[in-house]
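Structure, as structure tokens:
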Amino acid sequence: MSVNETVLKHLERFTGTDQVRKDLNIDLFGERLLDSLASIELVLALSEDFSLDLAPGDVDRDEWATPQKIIDYINARAKQA
Amino acid sequence: MDIIKQIDHWAQVQPEKVAHKSSGQTLSYQELFIQSNKLAEYLMQALPNDNSPIVILGHKHIEMTIGFIACAKSGHPYIPLENYFPEQRIKTVVDTAQASMVLTVEKIRDVLDGAKENLNFTPRERKQDDAWYIIFTSGSTGNPKGVVIPRSNLENFLNWAVPEHKVTRDTVILGQAPFTFDVSILDLYCSLYQGGTLVSVTKDEIANLKELFHTLKNSNATMWVSTPSFARLCLMDQSFSEDMIPTLSRFWLAGEALAPEICVDLLKRFPKTELWNAYGPTEATVATTSVEITKDILAKYNPVPIGYAMPGTQILIHDQDNRPVLSGERGEIIICGPNVSVGYINRPDLTERAFFELNGQRAYHTGDWGRYKDGMVFYEGRMDFQIKLHGYRIELGDIESNLHALTNIQDAVIIPVMKGEHADYLAAFVIMKTKTDQSDFENMQAMKKELAQRIPEYMIPRKFIFLPEFPMTSNGKADRRKLAETLQ
């Protein structure tokens, strides 16, 4: 599964809406779609799926504010790995 | 025992010592003494000596601490409220309590800026049964209810908690609970009473683990006071361990059921730190039982025990007719003793339902299932629709009532989605009065926005599921079990 699809699949699960697919720039925190606990669980789920060493304590909330930003972040980390 | 005299005494003994630290701001014992005197004098001039409650609005601000102590000095109980609560919720509390004043952080700053220090200031005497604070909790009919805690309750609690948890001048307490949640009473008063330091963790820090861990690393905390949910959140990052807070000697967890896996993780990552579990509703002043959770306890018991009752307080297990059950049998946990609240402010109806007299002492129906085993009490869940979500006490009926009050709702049911033993998030099942042209997402966002005007953010459901009708039970009620199954 591609990075896009994996991120969106998890986001859909955590937010309970497919709007995260329709609008990749939606503000996940501002629109109350993700809370802090769900965002940490998302970091852990993506960390496992992509075998990346992501620690929730290292991730800045601003870098994970939209679906597109998360996709970009994971792509960048996957390249470094 | 005089709490105020004791706190003031530290201003003489260690004036520069930090009493409260929050969001980079610090308050020394001398500042607390001078500022609380100035604010108390203002309150005594502005208000009659009538024990009327004062609302203090903020979020972990050092000015709130000044406000709490100033209220005590001026003879008024205080009601802590979060400044991010919706206006309507704040208004309901002010009206229900018939509060005589609302002190925001800005108002406190203004008063202190304009006031001069009066060296002859004398605090008002407080009687044992005078209310010290009132904490509002979620109410099943959509309106919060205010638990009144008198001075004697707080003193009893401190008499037990301070020695039990070895709080001294050298103690630095890391406090997670907001001041609207009475777990914060332990971290604030144990610390101030003993001349220690309270380091508060704010909502913004909790929302950003990177920032939170920075605060934890620099806290020098010796005692950790939080809900199990907060500990679980920190444990999700492997770097949360003894290396992050090497000074920590004790975890004190309370406010919701403590899952064994949290204990196993904490004991593994903090091998030199004691782990304590405590239990007690707001109606019985912070906590009434506690026990140290060791590897031996974990090997022997599941669920984790909530421990032994504090001296002078009885934990009884009653059946549905309010009679004691046989030893070891399951029943409702009844708390009886001097730490039980005098009731809900201006709600004699609710007070009469929940409180009663037993052997000449106040007693409280907790609505919690429990049983005794090996001399310890075990919590076994709720008897009603009250839940704990990430440490917050929530009546599902509170959210449902507020949902029903929205413009286009015909019916609504809230279901907590469980992850193992604990509630992970809330889902709202909704039947709309009239169909709209908007998508489900747009309807959900509109309802979330409308709800945010009425209830605190932590009560807003994460998911909304729109249905034409609900599955019904044979009694003609919405079938919550079937609705919950659709979420699996």
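For this structure, a couple of remarks:
- For the range A:62-81, a residue qualifies if it is surrounded by fewer than 17 Cβ atoms within 10 Å (Cβ to Cβ), in a helix (DSSP H, G or I) and not charged (D, E, K, R), and the qualifying residues are A:GLN68, A:ASN75, A:ALA76, A:ALA78, A:GLN80.
- Scanning the range B:203-235 for residues that are within 11 Å of chain A (Cβ to nearest Cβ) and of a type in the set (S, T, N, Q), we see that the one that is surrounded by the most Cβ atoms within 10 Å (Cβ to Cβ) is B:SER229.
- Hits in the range B:403-428 - residues which are of a type in the set (D, E, K, R) and outside any strand (DSSP E or B): B:GLU421
- Every residue from the range B:430-449 that is touching a residue at least 12 places away in the same chain (Cβ under 8 Å) and within 12 Å of chain A (Cβ to nearest Cβ): B:ASP440, B:ASN443, B:MET444, B:MET447, B:LYS448
- Within the range A:28-61, tally of residues that are charged (D, E, K, R), within 24 Å of A:ASP18 (Cβ to Cβ), in a helix (DSSP H, G or I) and within 11 Å of another protein chain (Cβ to nearest Cβ): 2
- Which numbered condition B:ILE333 fails, given (1) touching a residue at least 60 places away in the same chain (Cβ under 8 Å); (2) touching a Leu at 6+ places or on another chain (Cβ under 8 Å): (1)
- Matching residues, the range B:84-143, being without any contact (Cβ under 8 Å) to a residue 40 or more places away in the chain, exposed (fewer than 14 other Cβ atoms within 10 Å of the Cβ) and closer than 30 Å to B:ASP398 by Cβ: B:LYS91, B:ASP95, B:GLU106
- Failed criterion for B:TYR425 (all others in (1) within 14 Å of another protein chain (Cβ to nearest Cβ); (2) out of contact with any Pro (no Cβ under 8 Å at 6 or more places or on another chain); (3) closer than 28 Å to B:ASP182 by Cα; (4) buried (at least 18 other Cβ atoms within 10 Å of the Cβ) hold): (2)
- Restricting the range B:431-462 to residues that are closer than 20 Å to B:GLN88 by Cβ and not in a helix (DSSP H, G or I), the residue that is farthest from the chain's Cα centre (by Cα) is B:GLN453.
- Against the test of being among the aliphatic types (A, V, I, L, M) and in contact (Cβ under 8 Å) with a residue 24 or more places away in the chain, the options A:LEU24, A:LEU37 yield a single qualifying residue, A:LEU24.
- Strands (runs of 3 or more DSSP E) contained in the range B:142-209 and holding at least 2 residues in the same structural domain as B:LEU403 (by TED's automatic domain parsing): none
- Pair list, Cβ under 7 Å, 6 or more apart: the range A:60-75 residue farther than 14 Å from A:SER39 by Cβ, other residue modelled with pLDDT of 95 or more and surrounded by fewer than 18 Cβ atoms within 10 Å (Cβ to Cβ): A:GLN68/A:LEU24; A:GLN68/A:ASN25
- Scope the range A:11-21; condition more than 20 Å from B:ASN208 (Cα to Cα) and either among the acidic types (Asp, Glu) or more than 8 Å from chain B (Cβ to nearest Cβ) (or both); matching residues: A:GLU12, A:ARG13, A:ASP18, A:VAL20, A:ARG21
- Checking B:GLY337, B:GLY391 one by one, the residue that is in contact with a Pro (Cβ under 8 Å, 6 or more places away or on another chain), under 25 Å from B:VAL225 (Cα atoms), crowded, with 21+ Cβ neighbours inside 10 Å and of a type in the set (Gly, Ala, Ser) is B:GLY391 and no other.
- B:ALA354 among the small types (Gly, Ala, Ser), free of Cβ contacts under 8 Å to residues at least 24 places away in the same chain, on the phi < 0 side of the Ramachandran plot and more than 14 Å from every other protein chain (Cβ to nearest Cβ): no
- Just one of the numbered conditions (1) away from chain A (no Cβ under 14 Å); (2) of a type outside the set (A, V, I, L, M); (3) buried (at least 18 other Cβ atoms within 10 Å of the Cβ) is not true of B:ARG462: (1).
The values are calculated or read from the model by the stated rules, or taken from the named source; none is laboratory data. On a predicted model such as this, the values are computed, not experimentally measured, just so you know. Heads up, the Cβs are rebuilt from the backbone with ideal geometry, glycines too, and the neighbour counts pull from every protein chain shown.
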